[in-house]
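Only one structure is covered here, and it is reproduced in the block below.
Here, each number is a calculation from the coordinates, and none is a lab measurement. Please read these numbers as outputs of a predicted model, since none were measured by experiment. Note that each Cβ is placed from the backbone with ideal geometry, even for glycine, and that neighbours are counted across all protein chains shown.
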Amino acid sequence: MSDRGYPEAVADEFPVPPTEFTDREGRTVEVRPYEDTEEGYEALVEMYDAFDPADRAQGIPPGGEERIREWLDAILGDDCYNVIAWCGDEVAGHATLVPDDDAYELAIFVHQEYQRAGIGTHLIRGLLGHGQAEGIRKVWLTVERWNRAAVSLYKKIGFETSDAESFELEMGLRLNADGEDAG
Amino acid sequence: MKVLCGIGGSDDSFRALDRTVERAAVADDDLTVAVVENPDSSVDPDEIVQRAESAVEEAGLDAEVRLVEGDPGSRLVELAETEGFEEIVLGGGHTSPMGKITIGSIAEFVLLNAKTSVTLVR
């Protein structure tokens, strides 16, 4: 599926992680690219294992530790880009870019205890800053049409709807102009 | 049961075909496979028909495989109504590299408009 639509204009520059901020609950949160350490991996598994099933979207994150590990192994590969929002040594949120043909698919997850505190916005901007610095050109995502909080976040970031034909909206964003760098 | 399995050439539609054929053999369902024109699929309809026919034959079933032209969703619903099918079976959605499932416009139309039960095969 390489016939996805993207905005003609390149998005603004996003901040390149690591970045640090105080969330609306007064917690210090640090956004960093995923470091492939055992502690980091296990902390991520722990967040998804405690993830509220009501916050699942389109089948992810999967339920059960075994399937979570399988899924993480697939999206933490060398060809993917991952950014974590840390609150101390706890994972508050995770955002990922997974390659698909000539573009990258984006997904973002914030643990229920850390939602509605502004973390998602910092996290997605951090991921896009990371991807932009790495030369990624195009990013797409799908989101359930009724998920208005998510849709408005993506719009605010600069995503434009490319397909509204079914239950899920498809949205696209251009991070770098064609011909710049690789990716 | 009189079952209509709609396939358009996507990976999930072939999974639905295999599972429906398997089940029909066990449950002695009266199965019809409708090959529809899915604009998102790059597989040639004749090839899909062949694949469906060999799946049916391998299972030792006496099921009809039919090429259905026109708008896939509405044609499937119409077929089910005019020919008295009791269930429509479709693929359970496309899985992205990320693992996200998206349900296409054909399945959405059938889900919302069919009078019969609709099964999406995962």
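For region A:1-63, calculate the relative contact order in percent as a whole number, restricting contacts to Cα pairs under 8 Å that are 6 or more residues apart. Kindly include the intermediate steps, with their values, before the conclusion.
On the way: 25 pairs, mean separation 10.6, N = 63.
Reported relative contact order: 17 percent.
Residue by residue through region A:4-13, which ³J(HN,Hα) values in whole Hz follow from phi under the Karplus form 6.51 cos²θ - 1.76 cosθ + 1.60 (θ = phi - 60°), with glycine and proline marked x?
Calculated HN-Hα couplings, in order: 5, x, 9, x, 6, 7, 7, 5, 4, 6 Hz.
Determine the shape class of chain A: with a ≥ b ≥ c the square roots of the Cα gyration tensor eigenvalues, call it rounded for a/c under 1.5, and otherwise prolate if a/b is greater than b/c, oblate otherwise. Before the final figure, lay out the partial values.
Numbers: a/c = 1.42, a/b = 1.31, b/c = 1.08.
It comes out rounded by the Cα gyration axes.
Amide H neighbours of A:Ala92 under 5 Å, counting only residues 5+ apart in sequence or on other chains, H built in-plane at 1.01 Å?
When sequence neighbours closer than 5 places are left aside, the close amide H contacts are A:Ala85, A:Trp86, A:Cys87.
So what's the gap between the Cα centers of region B:1-40 and region A:152-172, to the nearest angstrom?
First find each Cα centre; the distance between them is then 32 Å.
With a Förster radius of 25 Å, plug the Cβ-Cβ distance of B:Glu78 and B:Glu57 into 1/(1 + (r/R0)^6) and report the FRET value to the nearest 0.05.
0.35
Please list, in order along region B:77-89, the HN-Hα scalar couplings obtained from phi with the Karplus expression 6.51 cos²θ - 1.76 cosθ + 1.60 (θ = phi - 60°), rounded to whole Hz, x for Gly and Pro.
5, 5, 4, 4, 6, 6, 10, x, 6, 9, 8, 10, 10
Restricting to Cα pairs below 8 Å that are 6+ residues apart, what does the relative contact order work out to for region B:1-91? Please round to a whole percent.
Details: 156 pairs, mean separation 38.5, N = 91.
The value is 42 percent.
What FRET efficiency comes out for the pair B:Glu22/A:Ala9, r = Cβ-Cβ distance, R0 = 35 Å, nearest 0.05?
Details: r = 50 Å, r/R0 = 1.43.
Efficiency, from the Cβ-Cβ distance: 0.10.
Arrange the peptides A:59-67, B:72-80 so that the one whose residues have, on average, the most other Cβ atoms within 10 Å appears first.
Going by the mean number of other Cβ atoms within 10 Å, highest first, we get B:72-80, A:59-67.
I'd like the mean, over residues of A:74-80, of how many other protein chain beta carbons sit within 10 Å of each residue's own Cβ. Walk me through the intermediate numbers first.
Numbers: counts 3, 3, 0, 0, 0, 1, 2.
Other-chain Cβ atoms within 10 Å of each residue's Cβ, averaged: 1.
Extending each Cα 7 Å along its Cβ direction at A:Thr22 and B:Glu69, get the distance between those two points in nm, one decimal.
7.0 nm
Hey, if you put +1 on the Cβ of every Lys and Arg and -1 on every Asp and Glu Cβ in chain A, which of A:Gly158, A:Ile75, A:Trp86 ends up farthest toward the positive end of that dipole?
Value: A:Gly158.
How much length is gained if the chain between A:Asp79 and A:Asp101 is pulled fully straight, taking 0.36 nm per residue apart and subtracting their Cα-Cα distance, in nm to one decimal?
Numbers: separation 22, 0.36 × 22 = 7.92 nm, distance 1.19 nm.
Working it through step by step, the gained length comes to 6.7 nm.
Work out the length of the dipole vector of the protein assembly as shown about its Cα centre, built from +1 on the beta-carbon of each Lys and Arg and -1 on the beta-carbon of each Asp and Glu, and round it to the nearest 20 debye.
Numbers: 26 positive and 65 negative charges, 244 e Å.
That gives the protein assembly as shown a dipole magnitude of about 1180 debye.
I need the calculated FRET efficiency for the pair A:Glu65 and A:Asn147, taking r as the beta carbon distance and R₀ as 22 Å, to the nearest 0.05.
Numbers: r = 26 Å, r/R0 = 1.17.
About 0.30, to the nearest 0.05.
Taking the Cα centre of the protein assembly as shown as the origin and placing charges on Cβ (Lys, Arg +1; Asp, Glu -1), which of B:Val3, A:Gly40, B:Gln50 is farthest toward the positive end of the dipole?
Going by the Cα projections, it comes out as A:Gly40.
Need one number: % antiparallel among DSSP beta bridges in chain B, to the nearest 5.
Close to 10 percent.
Kindly put B:Lys100, B:Lys2 in sequence by how many other C-beta atoms sit within 10 Å of each C-beta, fewest to most. Numbers along the way, then the final one.
Values: B:Lys100 20, B:Lys2 14.
In increasing order of surrounding Cβ atoms, one gets B:Lys2, B:Lys100.
How much mean residue ellipticity at 222 nm does chain B get from its helices, if each DSSP H run of length 4 or more adds -39500 (n - 2.57) and you divide by all residues, to the nearest 500 deg cm²/dmol? Each step should come with its number before you reach the end.
Values: 4 runs with 51 residues, N = 122.
About -13000 deg cm²/dmol.
Among the lysines, which fall within straight-line cross-link reach of A:Lys155, defined as a Cα-Cα distance under 25 Å, with same-chain neighbours fewer than 8 residues apart omitted?
Reachable lysines: A:Lys138, B:Lys100.
Applying the Karplus parametrisation 6.51 cos²θ - 1.76 cosθ + 1.60 with θ = phi - 60° to the phi angles of region B:23-28, what ³J(HN,Hα) value in whole Hz is obtained for each residue in order, glycine and proline being reported as x?
Per residue, the Karplus-derived 3J(HN,Hα) values read 5, 4, 5, 6, 8, 6 Hz.
Among A:Phe21, A:Trp140, B:Ala107, flag the residue with its Cα farthest along the positive direction of the charge dipole of the protein assembly as shown, charges on Cβ as +1 for Lys/Arg and -1 for Asp/Glu.
In the protein assembly as shown, that residue is A:Phe21.
Express the relative contact order of region A:1-105 as a whole percentage, based on alpha carbon pairs under 8 Å and six or more residues apart in sequence. Please report the intermediate quantities before stating the final value.
Working: 111 pairs, mean separation 27.0, N = 105.
Answer for region A:1-105 is 26 percent.
Based solely on its DSSP helices, what 222 nm [θ] is calculated for chain A when runs of n ≥ 4 H residues each add -39,500 (n - 2.57) and the sum is averaged over all residues, nearest 500 deg cm²/dmol? Mind dumping the intermediate values first?
Details: 4 runs with 48 residues, N = 183.
Result for chain A, helices only: -8000 deg cm²/dmol.
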